[in-house]
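Structure, as structure tokens:
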Amino acid sequence: MTRVALYARYSSDNQSVSSIEDQFRICRDQAAREKWKVVGVYKDAAISGASVTLRPGIQALLQDAQAGKFDTVLAEALDRISRDQADVAILYKHFKFAGVTLVTLAEGEISELHVGLKGTMNALFLKDLAAKTHRGLRGRVEKGKAGGGLCYGYDVVKRLNGDGEQVRGERKINDAEAEIVRRIFREFAAGKSPKAIAADLNRDGIPGPNGKAWGDTTIRGHVCRGTGIVNNELYAGVLVWNRLRYIKNPATGKRVSRVNPESEWIRTEVQELRIVDEDLWQAARRRQEEISRQFENVTKGVRAYRAKHVNELRRPAFLFSGLLKCGCCGGNYGIITRDRYGCLNRYRRGTCDNGHTIRRDDIEQRILSGLTERLVSAERVAKAVRAYAEALNSQNRERRAQVELDRKALEKIERGIAGIMAAIEDGMYQPAMKDRIEELERQKAQLLARMEQAPEDVPDIHPNIAEIYKAKVTQLSEALADSELHDQAAEAFRALVDEVVLEPGDKRGEINATLRGEVMNILDIVSGRKTQSRPQVITKDVAGPRNQSN
């Protein structure tokens, strides 16, 4: 009996969750008529048809197809799989390679012809839909109505037109939020920094957009992109639309924004939505221009540096960049002055009471010396290595035994198939032979799939690994202090660390540091293997899954 997997998807605002159940229902009816056995259902809800990269349902479908879990994929139509022509072609190739046929209720069994013609039609549909949507939004904006989401300081007007349909895009001023907007503009124009403004708002218990805490970037935004409270022209009674365009990154499937030429921007006067008077708006503009002049040389220097040091920018600036966490609020610790780390939630948002800072070289030295001392202690090394070696070698024995069992089982199945085929060739065919061959072939496919997914063999741990381990940890610490070897050693070291938690101590100015990381990764580094999943049998009292160093 043919094993079939069902796939369904919906994404439009005009569809609902019931759309998926409807798709499954008609697909099940078709499977029953064909006498197919439904062995799995896969779905993606409210996800665009233009990209498969971020769709968990389609990714799971592909993985199970490659594992041989079904023979056919059944969907309502090809555009339920994807409307992107390139994605359709790639998916079809994957299914074909896995020996899985693709069938839809609308087109029947999919062939290369369907992929080419239907994929092109779907791609044109997406392009046409985008153009129609864009035209509709432009018409709405030119009438003074919003063409996007809700902006801070406004409420959505909910009313029906004469036909009983929801009127879209109308806004009204939210008086309470509008007063906060004016406060921000007044303080910014008076010379107060966005960071200080955000901290004061958070201290006063005033919720930011979407109920979140205020941040300096929420206020200052980006001048060229028109983002941020102080750059939003809607507060001055001008609705600006089409400033940005969004395209999908083919590598990730995620949208990224690009600034359109100013000639393509659509501006509409909406003075009824004005919150900030002209004098205050112009005062904020003058402050922005003053800031831009002050940092013009800095901006040029940063851009020039980036152009010349592209590869360096891929590396963290400091050894623990992005790893330091505040033990009070859970936020990030970052550079707040030339060489000192501090809690960014305190210094950017004012939402944390942890005002303790620490010099960069101090924290690096403390952590490196503490980690090295603990990792090379004789007792810890002996216990960790012994537990690791026993666990890994035990797993190796079990894996090798299973491989041998699978190999013998495969040989037995192949002998059985060969025997039946020989009997048929000798004229001893029986109807039951057909079912038996199908069963053996199915067992063979399942066995081969399991053997292909089996992890590669890992060499057993060398008996002298403890001494090698101690030597390599010491060498790693020395390499971090060597200017020529620092970058390479730092990358290896950062792979061992998940995070470093910093919290105030009992004494004035004291900071306690707790290091959390995958200590067993060191064993992979010293033995020249790539990082793998750790054996699950290492006991906590021997080494534990994490290393902590205060």
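The values are calculated or read from the model by the stated rules, or taken from the named source; none is laboratory data. Here the structure is a predicted model, which means the values were calculated and not measured. Cβ placement follows ideal geometry from the backbone for every residue including glycine, while neighbour counts extend to all protein chains displayed.
General remarks:
- Residue in segment 344-353 that is within 22 Å of Arg508 (Cβ to Cβ), at pLDDT 85 or above, in a helix (DSSP H, G or I) and not aliphatic (A, V, I, L, M) present: yes
- Residues considered: Gly215, Gly208, Gly228. Of these, the only one that is at positive phi and not hydrophobic (A, V, I, L, M, F, W, C) is Gly228.
- Failed item in (1) surrounded by fewer than 18 Cβ atoms within 10 Å (Cβ to Cβ); (2) in contact (Cβ under 8 Å) with a residue 40 or more places away in the chain, with Gln166 passing the rest: (2)
- Considering (1) of a type in the set (D, E, K, R); (2) at pLDDT below 80; (3) surrounded by 15 or more Cβ atoms within 10 Å (Cβ to Cβ), the lone condition that Asp426 does not fulfil carries the number (3).
- Taking segment 12-113 and the helices (runs of 4 or more DSSP H) fully enclosed by it, the elements with 1 or more residues that are modelled with pLDDT under 90, farther than 30 Å from Met451 by Cα and within 29 Å of the chain's Cα centre (by Cα) are at 17-34, 78-81, 85-97.
- If you filter segment 497-516 down to residues that are surrounded by 17 or more Cβ atoms within 10 Å (Cβ to Cβ) and among the β-branched types (Val, Ile, Thr), you find that the one that is farthest from the chain's Cα centre (by Cα) is Ile511.
- Residues considered: Arg220, Arg171. Of these, the only one that is crowded, with 18+ Cβ neighbours inside 10 Å and farther than 29 Å from Gln294 by Cβ is Arg171.
- Test: residue in segment 206-213 that is surrounded by 21 or more Cβ atoms within 10 Å (Cβ to Cβ) and within 31 Å of the chain's Cα centre (by Cα): no
- Subset of segment 135-156 [surrounded by fewer than 16 Cβ atoms within 10 Å (Cβ to Cβ), under 18 Å from Tyr235 (Cβ atoms) and modelled with pLDDT under 85]: Gly148, Gly149, Leu150, Val156
- Test: residue in segment 312-322 that is at pLDDT 55 or above and charged (D, E, K, R): no
- Pick from segment 333-359, criterion surrounded by fewer than 20 Cβ atoms within 10 Å (Cβ to Cβ) and charged (D, E, K, R), ranking: farthest from Pro194 (Cα to Cα): Arg359
- Meets criteria (at pLDDT 70 or above and more than 27 Å from the chain's Cα centre (by Cα)) for Asp163: yes
- Some residue of segment 244-256 being surrounded by 11 or more Cβ atoms within 10 Å (Cβ to Cβ), at pLDDT 70 or above, part of a helix (DSSP H, G or I) and among the hydrophobic types (A, V, I, L, M, F, W, C): no
- Pair list, Cβ under 6 Å, 6 or more apart: segment 415-433 residue among the small types (Gly, Ala, Ser), other residue part of a helix (DSSP H, G or I) and surrounded by 10 or more Cβ atoms within 10 Å (Cβ to Cβ): Gly416/Leu440
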